Amino acid sequence: MRLMALELTGTGVRVVCLRTAANPDSRTIQDVAEAIGQQIGITKDQALGSLTDSTMLKVSPHTQDTANGAVLLASDFARMMTGTVHNATAGVCPD
């Protein structure tokens, strides 16, 4: 992010990474939770519950949360952000 932001200095383009955790309402994570559950002998809901338990907020970010983060970063509210990472992992990956 920093290098790309540096390369784009003066162009008016901001570079921000939107980091999120597994969105349990996405088809991909649903499929992965199902496969993991079958492999280790737990239900899909138990596998998804372990994702929730791994967050500091004890709630998993959903696709709408990720979309809201992208809207925020694209807005003027984040106009001074560049060369950085916006952490929207609910505390899974603390910075």
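The values are calculated or read from the model by the stated rules, or taken from the named source; none is laboratory data. All of these numbers come straight from a predicted model, not from anything done at the bench. Each accessible area value is taken on the protein alone, full model and side chains, heavy atoms only, with ligands, DNA and RNA left out. Shrake-Rupley method; radii C 1.70, N 1.55, O 1.52, S 1.80 Å.
Quick one: accessible area per residue over the chain, 1.4 Å probe, rounded to a whole number of Å²?
With all protein chains present, the chain gives 69 Å² per residue.
Determine the calculated [θ] at 222 nm for the chain from helices alone, applying -39500 (n - 2.57) to every DSSP H run no shorter than 4 residues and normalising by the residue count; nearest 500 deg cm²/dmol.
It lands at -13000 deg cm²/dmol.
Contour minus end-to-end for THR9 and GLN46, with contour as 0.36 nm per residue of separation and end-to-end as the Cα-Cα distance?
Gain in length upon complete extension: 8.7 nm.
What's the angle, to the nearest 10 degrees (0 to 90), between helix 44-53's Cα axis and the longest principal axis of the chain?
Helix 44-53 and the main axis of the chain meet at about 50 degrees.
What part of the accessible area of the chain, given as a whole %, is carbon or sulfur when the probe is 1.4 angstrom?
So the carbon and sulfur contribution to the accessible surface is 58 percent.
Compute the relative contact order of the chain as a whole-number percentage, counting only Cα pairs closer than 8 Å that sit 6 or more residues apart in sequence.
So the answer I get is 42 percent.
How big is the Cα convex hull of the chain in projection, averaged over all directions, in nm²?
7.1 nm²
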